[in-house]
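Since the structure comes first, as structure tokens, the remarks are kept for the end.
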Amino acid sequence: MAVTYTYEGKELTKKEYVAKLREKYMQNPPAGYTRREIERMRDNDILDMDYFLNEF
């Protein structure tokens, strides 16, 4: 069974979800990151960063 992610109410594959997150963070990089760093991050690093930035 494939893992799906929900983004803005739509189900996406991991690859699609990472692409959306990368685009989001390249538009507005979090403190301590540059657009170039976000662009070069591995997919799992983007997911980890997003998790920790949005942890409850």
TODO: Please report the relative contact order for the chain, taking Cα pairs under 8 Å with a sequence separation of at least 6, and give it as a percent rounded to a whole number.
DONE: 24 percent
TODO: Determine the sum of side-chain charges near PRO29: Lys and Arg each +1, Asp and Glu each -1, restricted to other residues whose C-beta is under 14 angstrom from that of PRO29.
DONE: 0
Task: Between 0 and 90°, nearest 10: helix 14-27 axis offset from the chain longest Cα axis - done: 30 degrees
Task: Reduced Cα scattering model of the chain, Debye log10 I(q)/I(0), q = 0.13 Å⁻¹ - done: -0.31
Task: Average accessible area per residue (Å²) across the chain - probe 1.4 Å, nucleic acids and ligands excluded - done: 83 Å²
- [ ] Report, to the nearest whole %, how much of the accessible area of the chain belongs to carbon and sulfur atoms, 1.4 Å probe, protein only.
- [x] 50 percent
Task: Distant-in-sequence amide H partners of TYR7 (H built 1.01 Å from N, under 5 Å) - done: LEU12
Task: For segment 12-35 versus segment 40-56, the gap between their alpha-carbon centres in whole angstrom - done: 9 Å
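The values are calculated or read from the model by the stated rules, or taken from the named source; none is laboratory data. Computed from a prediction, not measured in an experiment: that's the story for all the values here. Using ideal geometry, Cβ is built from the backbone for each residue, glycine included, and neighbour counts are taken over all protein chains shown. What goes into the accessible areas is simple: the full protein's heavy atoms, side chains included, and nothing from ligands, DNA or RNA. Shrake-Rupley method; radii C 1.70, N 1.55, O 1.52, S 1.80 Å.
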